[in-house]
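This report refers to the structure that appears directly beneath it.
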């Protein structure tokens, strides 16, 4: 279990950037946005962040909102949820979190205009194209009318936009939730080659640049 005060103080004293994660809308769909910030000071009951990069999202983040923050404790990273207490110019005041948990790999939501296509292959059944919710180097989230059991290993073909390429791999269902009767949301761990992970990483970097350009229009 990571020590909350130790992790926060380390980031503050060593002037380490903290990854701030929040959501915005793109074509009426939620997309995840990430930026860097630094802890300016630690008050009795608040953290004070400043020096946002690439810029401060003041038109999106408002008082009372909750955001995710990722702190580094090399080689691991840990995340927590922070509540926005006050905004003063380019300075952000949040509560001090009660705890952290190990950070998950970076996942990104595909553009509604340039979707990621996922085709699932199972023995004796036709190939289905599924709606991709998010993707990381190690995992993919998708929606389906098909009922896959947790632990099932599936053949997958992932088609990325903008000529990033096509990835053929196996995926193991790790998460399953029934969104509504007969409609499921899944999270699958990808068993793919390091070169394929690098392709997804490049796609994620490009997609995040697209989201930054989107925010400049606000």
Check: What number of residues within region 145-201 satisfy the criterion of being out of contact with any strand residue (DSSP E or B) (no Cβ under 9 Å at 6 or more places or on another chain) and either closer than 19 Å to residue 105 by Cβ or not in a strand (DSSP E or B) (or both)?
Finding: 9
Next item on the list: Would you mind telling me which numbered condition in (1) exposed (fewer than 15 other Cβ atoms within 10 Å of the Cβ); (2) under 20 Å from residue 31 (Cβ atoms) residue 160 fails?
Entry: (1)
Next item on the list: Output the number of residues of region 85-101 satisfying the condition of being without any contact (Cβ under 8 Å) to a residue 60 or more places away in the chain and surrounded by fewer than 18 Cβ atoms within 10 Å (Cβ to Cβ).
Entry: 9
Note to self: Just checking, does region 119-134 include any residue being assigned to a strand (DSSP E or B), touching a helix residue (DSSP H, G or I) at 6+ places or on another chain (Cβ under 7 Å) and at pLDDT 95 or above?
What the structure shows: no
Next item on the list: Would you check which residues across region 39-74 are closer than 15 Å to residue 88 by Cα and part of a strand (DSSP E or B) and list them?
Entry: 39, 40, 41, 46, 47, 48, 49, 50, 51, 52
Item checked: Test: residue 165 is in contact with a helix residue (DSSP H, G or I) (Cβ under 7 Å, 6 or more places away or on another chain) and modelled with pLDDT under 95 -> yes
Margin query: For the list (1) closer than 19 Å to residue 11 by Cα; (2) surrounded by 14 or more Cβ atoms within 10 Å (Cβ to Cβ); (3) within 22 Å of the chain's Cα centre (by Cα), I need the number of the one condition that residue 74 fails.
Written below: (2)
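The values are calculated or read from the model by the stated rules, or taken from the named source; none is laboratory data. No experiment lies behind these values; they were computed from the predicted model shown. Glycine also receives a Cβ, built like all others from the backbone with ideal geometry; neighbour counts cover every protein chain displayed.
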